[in-house]
Amino acid sequence: MSYAYRLPVVLVLLIVGLGLFARTVYGRFLVLKAGKPETRWDLVENRVRALLEVGLGQVKMFKEPASGLLHALTFWGFVVLGARTTQLFVQGFIPDWPLPFIESVYAPIKDVTALVVLVSILGFFYRRLVVKPKRIAYSGEALLILGFIAGLMVTEFLFEGLHFGGLMASGNPDAIAQATEHVAHAPIGSTLAAWFATSGLNPVLMQGLGEVNFWLHLVIVLTFMNLLPLSKHFHVITSLPNVFLSKLEPKGALSFVPDIEKSLEEEKPLGLSRTEDLSWKQILDLYTCTECGRCEVNCPAWTTGKPLNPKMIILDIRDHVYADQARIIAAGKAVPTAQLAISGDVSAEEAAAAMPALIAQVNTDAIWSCTTCRSCSEQCPVMIEHVDKIIDIRRHLVMTRNEFPKEVGATLKNLESKSNPWGMASGKRFDWAKDQGIPTLADTENPEYLFYVGCAGSFDDRAKEITLATAKILKAAGVRFAVMGKKEKCCGDPARRMGNEYLFQTMAQENIDTWKEANVTKIVTNCPHCYNTIKNEYKQLSGDFEIVHHSELIPQLVADGRVKLSAGEAQRVVFHDSCYMGRHNDVYEEPREALKAIKGIELLEIERSEKLGMCCGAGGARMFMEEKIGSRINNVRVEQLLEANPQIIASSCPFCMTMLSDGVGAADKKDSVKTKDIAELIADRLILPVEVAPEETAQ
């Protein structure tokens with residue numbers, strides 16, 4: 001059979017297929033290029049590690065073992081079969097061209113891999129059509145793509161089986177030898193070829209059918225390739241770059257807005273309102289969404305009936321960008337439609353009507369429902385950054401449009417005037433320490449640590465108990481510490497999470513200047529929100545301090561023998577992970593080590609713990625907003641924790657303590673289940689050194 005006709009046909013297919021693909025991708029690239037600048041080329045070693053672990057290793061997929069394995073096998077299969085696809089296209093020019101040097105080694109790997117991918121695709125069909133997980137929306141497009149992948153595997157097998165089977169059945173010794181040699185190392189190919197050779201089919205017909213499968217394979221490849229940038233499967237192309245270019249600065253740090261005072265003076269729009277406000281990396285995030293729904297089913301707001309769906313936030317912005325693509329390309333860069341009108345290309349009315357602002361299509365209830373827990377980003381297999389975009393929208397609403405819930409306005413006013421979210425008198429900030437002998441920075445020479453108490457620990461009655469317990473432990477361990485007393489001010493976390501970046505920067509800079517003047521270098525705090533802000537965000541303003549959370553310091557003091565504990569009654573304790581210590585800063589083991597150090601405590605775990613832990617509902621400044629839609633997040637979280645049948649629910653955050661205590665009350669369990677901070681549990685078992693006076697540590 002002559003294959004001379006292959007060359008012109010393959011040339012036409014490649015020119016058309018690659019030409020259409022290049023045209024589509026170039027349009028997407030122009031939009032990407034028009035995004036605001038953002039540096040993502042540093043720390044190459046760390047980026048390569050993320051690419052190997054998350055991109056190629058698919059580690060995030062295995063949080064759901066069954067579907068994760070199917071996806072990983074399919075992905076790895078495509079990587080392995082890339083060489084075979086290349087070989088088939090080359091065979092359009094040079095029939096029966098072998099892969100140089102590796103044919104005998106690659107052939108069995110290729111056959112087994114193709115079979116594994118085919119089985120995985122059948123598993124995906126079963127999952128979508130029979131199991132139907134809630135997080136996956138039915139999509140004809142997805143089934144079509146699965147069909148294409150299955151088609152690639154089937155045509156691969158049929159091409160080899162029919163083509164070489166026809167040669168084996170031809171009776172021509174040279175053809176038989178050629179066929180036998182080509183499939184000698186391909187277990188499935190050789191089995192199918194031998195079966196077809198003895199099937200009684202006409203040898204010429206078999207070769208013709210093999211040729212049909214050859215061309216079907218190539219057409220499917222090119223069709224599949226052209227569908228990718230037009231569908232959610234664009235992630236096949238963008239996921240590895242997105243992982244490589246992912247956020248490497250601390251996860252808990254929100255993006256920094258430079259020259260914010262100047263922007264406000266010049267009345268420049270701030271935050272995310274239009275397509276042109278997106279950075280190129282944020283646009284790449286949009287391209288990369290797989291629509292898998294992992295962010296959706298793990299979002300505390302969505303699962304409790306709030307309008308916030310992290311997946312739809314990404315998809316809605318993506319669709320808006322796609323709809324705006326023609327304007328961006330026509331302008332050469334992402335400029336407001338009004339500027340197009342000025343250029344004379346269109347009238348002002350046409351420009352305004354052509355593309356509504358992105359912000360006009362945003363459900364603000366969804367934006368204000370976010371607790372910034374980062375569960376969405378933690379679960380995302382392609383490392384999309386949802387929270388930053390949500391906060392950017394809040395920034396626009398607060399600083400440009402002056403639109404926000406009334407509680408937000410009151411809280412921001414309190415922060416600005418009293419430097420605490422409740423609006424308590426600044427002079428009462430040190431009342432928690434009355435008659436406790438707590439040293440202040442003003443009268444302590446060169447303390448090892450500044451004990452930064454924070455607003456909750458200073459003003460909230462329940463949180464004050466945690467503050468006193470922490471101070472008791474520090475004194476018992478002989479840690480030289482001091483507090484700022486009445487001079488302490490809010491770290492700025494609520495202001496930043498509410499979207500008032502200007503107020504945050506003002507408050508943070510004031511603290512930084514004060515601490516530098518006082519030669520503060522090391523800080524300890526019992527509030528994860530203060531910890532995260534000072535550790536990860538003050539650096540954006542040149543505030544580089546060594547900070548430790550009490551859940552990190554306490555187990556170290558125990559391990560060093562500086563804190564000694566007495567035995568006590570047996571207690572069943574379940575620990576609730578603070579989002580701002582866990583997902584924001586990867587602190588999971590230290591608080592558990594502190595609890596394990598207490599004799600008699602049985603530490604319980606539930607399924608939704610550590611990286612899978614659910615937010616208490618207080619983060620993202622939600623602590624200071626009413627929860628009017630759906631179920632209360634804290635009540636749902638407490639129900640999860642109660643499944644372990646604990647006597648104590650432990651935490652390491654004053655905000656979590658408030659939410660958990662309220663949840664226990666709502667569950668009518670106050671008599672049987674207590675809520676305690678790890679500092680309180682440790683303080684209750686302290687063996688005090690002789691030199692520590694009892695009256696100084698009494699609570």
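Things worth noting here:
- Residues that are crowded, with 18+ Cβ neighbours inside 10 Å, among the aromatic types (F, W, Y), at pLDDT below 95 and touching a Leu at 6+ places or on another chain (Cβ under 9 Å) do not occur anywhere in the stretch 79-102.
- E141 being surrounded by fewer than 16 Cβ atoms within 10 Å (Cβ to Cβ), acidic (D, E), without any contact (Cβ under 8 Å) to a residue 12 or more places away in the chain and on the phi < 0 side of the Ramachandran plot: no
- Of all residues in the stretch 357-392 being of a type in the set (G, A, S) and under 8 Å from the mean Cα position of the chain (by Cα), the one that is nearest to T238 (Cα to Cα): S377
- Condition check for S246: surrounded by fewer than 22 Cβ atoms within 10 Å (Cβ to Cβ), within 28 Å of the chain's Cα centre (by Cα), among the polar types (S, T, N, Q) and under 18 Å from I384 (Cα atoms): no
- Near pairs, Cβ below 7 angstrom, 6+ apart or cross-chain, from the stretch 447-469 (under 20 Å from L686 (Cβ atoms) and part of a loop (DSSP other than H, G, I, E, B)) to any residue that is at pLDDT 95 or above and of a type in the set (K, R): E448/R480; E448/K522
- For the stretch 643-678, a residue qualifies if it is in contact (Cβ under 8 Å) with a residue 24 or more places away in the chain and at positive phi, and exactly one does: N645.
- The single residue among L565, L541, L503 that is in the same structural domain as R637 (by TED's automatic domain parsing) and either farther than 18 Å from L474 by Cβ or modelled with pLDDT under 95 (or both) turns out to be L565.
- The lone criterion from (1) of a type outside the set (G, A, S); (2) in contact with an Asp or Glu (Cβ under 9 Å, 6 or more places away or on another chain); (3) assigned to a helix (DSSP H, G or I); (4) surrounded by fewer than 16 Cβ atoms within 10 Å (Cβ to Cβ) left unmet by V212 is number (2).
- If you check T525, T521, T506 for being of a type in the set (S, T, N, Q) and without any contact (Cβ under 8 Å) to a residue 24 or more places away in the chain, only one passes: T506.
- V221, sole failed condition from (1) buried (at least 18 other Cβ atoms within 10 Å of the Cβ); (2) modelled with pLDDT under 95: (2)
The values are calculated or read from the model by the stated rules, or taken from the named source; none is laboratory data. Everything quoted here is computed from the prediction, not taken from an experiment. All Cβ positions, even for glycine, are placed from backbone atoms using ideal geometry, and neighbour counts span all protein chains on display.
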